[in-house]
Amino acid sequence: MHWRRSSFALICFLFIFGLFYLLYNLSERPHTPVLGGPVDTAVRNSSSTLLVSAFFHLSKSKHTIREYEWWLCQFLGPITTDIYFYTSVEMLPLVRKCRGTLPITIDTSFATPFDVPPLQKLKDVYRGQLELDRERKIHQSEELDASWNAKPFLLDEAAKILARQGITYDYVFWNDAGSFRISHGFTDWPSISRVRDIWREGSALSGEKEQDLLFFPVCRVPHPSYTNWEEHMGPIDDYFSEASFFGGSPHTVSWWRETYYAYHDHYLRQGHFVGKDQNLIFSLFLLFPSRIIAVWLDDPDAPAHKELGPVQDTAHEGFLGSCGENWFYYQFWLANLADRLAMNEIWEKAALWSWGGWRRRRECRLTRVVWVKELLHRQFGKDWRPPMPSIAVPGNS
């Protein structure tokens with residue numbers, strides 16, 4: 001009898017162990033979204049906003065894995081907004097560690113950026129294009145180019161995957177995994193009330209429907225010499241937009257995906273360099289400026305800058321006060337009041353330990369929404385008209 005009880009206990013143990021093993025391995029399957037956090041997928045959209053991001057460990061990178069781990073945890077740890085995150089299976093533990101118990105969908109469908117459908121079979125083509133890159137000594141990797149060009153697909157696809165599960169959002173945004181590089185005060189970010197105010201203002205400026213507007217931060221404005229740019233000239237090798245954060249309604253994000261890859265593929269067939277997303281985005285801004293709204297920290301005509309007056313301490317202040325690194329001003333701009341106050345305190349304390357810390361810094365402030373078409377008219381003149389697009393893309397009529 002004793003051996004029967006022992007055998008029965010062993011069988012029960014093996015059954016339970018096998019069940020847990022099966023469940024664990026199903027959760028690790030690379031083509032199954034892995035859900036983390038305390039909330040079931042059926043009710044997990046706790047806000048109207050979704051953030052989408054990705055992290056793939058590249059064979060060549062300007063930054064170490066330790067740097068990326070720090071940045072990743074600064075993003076995933078404090079931000080409470082729902083997140084959809086693409087990564088490889090080997091990076092899964094790091095993503096889970098950084099996110100903790102906050103809601104997240106982790107998608108391990110793609111091991112590298114070249115596994116993303118629009119970029120499949122393009123690795124050798126991208127490698128051959130590296131010689132066309134003016135900044136090839138900095139970038140050095142076709143994988144990096146692919147990680148940039150994968151963003152429109154990954155953003156739109158995340159929204160579509162969740163929508164098929166009955167989980168929908170009013171706004172979906174791409175946010176680079178390494179874009180939060182310091183300890184910060186952001187939590188409920190981007191603030192849905194700020195986002196709604198921005199889209200209302202953008203619609204009033206442009207006359208476009210809110211659902212048709214796409215947001216990008218702007219880092220500088222085009223030189224007037226680009227007035228005569230035409231579609232056939234290809235991507236513009238210069239800076240206009242940033243690409244670390246962008247998005248809008250699911251409708252507009254789908255439009256952007258279709259438009260982006262239609263022109264990516266067209267310019268690639270023509271032999272143009274397509275490895276740098278900002279170059280292609282610049283061209284699309286000139287072709288479709290009516291649909292783009294933005295924020296520009298260095299806008300000399302912005303009322304917020306004029307109220308502030310001349311910059312008194314150029315080493316520590318910008319056009320809108322002490323706002324940290326200019327590139328990431330949009331983080332402050334999209335935050336709610338409490339988070340903005342927290343960030344101003346962080347910057348003020350950091351300034352005390354900097355050279356000239358005895359000087360009182362002027363707090364960072366909000367600025368207006370800019371409409372890219374109006375911005376281009378400022379640069380190119382009121383008579384400028386966008387070039388006529390010739391590539392057929394749904395929604396671009």
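List every residue pair whose Cβ atoms sit under 9 Å apart, with the two residues 6 or more apart in sequence or on different chains, where the first one lies in the range 66-85 and is surrounded by fewer than 18 Cβ atoms within 10 Å (Cβ to Cβ) and the second, anywhere, is acidic (Asp, Glu).
Filtered contacts from the range 66-85: THR80/ASP188.
Is it true that some residue in the range 216-228 is modelled with pLDDT of 95 or more, surrounded by fewer than 19 Cβ atoms within 10 Å (Cβ to Cβ), over 30 Å from TYR267 (Cβ atoms) and not aliphatic (A, V, I, L, M)?
No, the conditions are met nowhere in the range 216-228.
Sort through TRP358, TRP371, TRP347 and tell me the only one that's modelled with pLDDT of 95 or more and either touching a strand residue (DSSP E or B) at 6+ places or on another chain (Cβ under 6 Å) or outside the structural domain of SER179 (by TED's automatic domain parsing) (or both).
None of the others qualify; the one that does is TRP371.
Which residue out of VAL295, VAL369, VAL274, VAL311 is among the aliphatic types (A, V, I, L, M), farther than 30 Å from SER203 by Cβ and in contact with a helix residue (DSSP H, G or I) (Cβ under 6 Å, 6 or more places away or on another chain)?
Result of the check over VAL295, VAL369, VAL274, VAL311: VAL274.
Here is a list of conditions, (1) surrounded by 13 or more Cβ atoms within 10 Å (Cβ to Cβ); (2) of a type in the set (Asp, Glu); (3) not in a loop (DSSP other than H, G, I, E, B), and GLU307 meets all of them except one; can you say which number that is?
Tallying (1) surrounded by 13 or more Cβ atoms within 10 Å (Cβ to Cβ); (2) of a type in the set (Asp, Glu); (3) not in a loop (DSSP other than H, G, I, E, B), GLU307 fails exactly one: (1).
Take GLY248 and tell me if it is touching a residue at least 12 places away in the same chain (Cβ under 8 Å) and buried (at least 22 other Cβ atoms within 10 Å of the Cβ).
It is true that GLY248 is touching a residue at least 12 places away in the same chain (Cβ under 8 Å) and buried (at least 22 other Cβ atoms within 10 Å of the Cβ).
Just to verify a result, which residue in the range 127-139, among those that are surrounded by 15 or more Cβ atoms within 10 Å (Cβ to Cβ) and out of contact with any Ser or Thr (no Cβ under 9 Å at 6 or more places or on another chain), is nearest to HIS266 (Cα to Cα)?
GLN129
Look at the range 86-98 and say how many of its residues are more than 20 Å from GLU157 (Cβ to Cβ) and either touching a residue at least 40 places away in the same chain (Cβ under 8 Å) or of a type in the set (Lys, Arg) (or both).
Total meeting the criteria: 2.
Quick one: which residue in SER183, SER225, SER241, SER203 is among the polar types (S, T, N, Q) and in contact (Cβ under 8 Å) with a residue 60 or more places away in the chain? Show your work before the answer.
Details: SER225 fails: in contact (Cβ under 8 Å) with a residue 60 or more places away in the chain; SER241 fails: in contact (Cβ under 8 Å) with a residue 60 or more places away in the chain; SER203 fails: in contact (Cβ under 8 Å) with a residue 60 or more places away in the chain.
Exactly one of SER183, SER225, SER241, SER203 is among the polar types (S, T, N, Q) and in contact (Cβ under 8 Å) with a residue 60 or more places away in the chain, namely SER183.
The values are calculated or read from the model by the stated rules, or taken from the named source; none is laboratory data. Just so it is clear, the model here is predicted, and its values are computed rather than measured. Glycine gets a Cβ as well: all are built from the backbone with ideal geometry, and neighbour counts include every protein chain shown.
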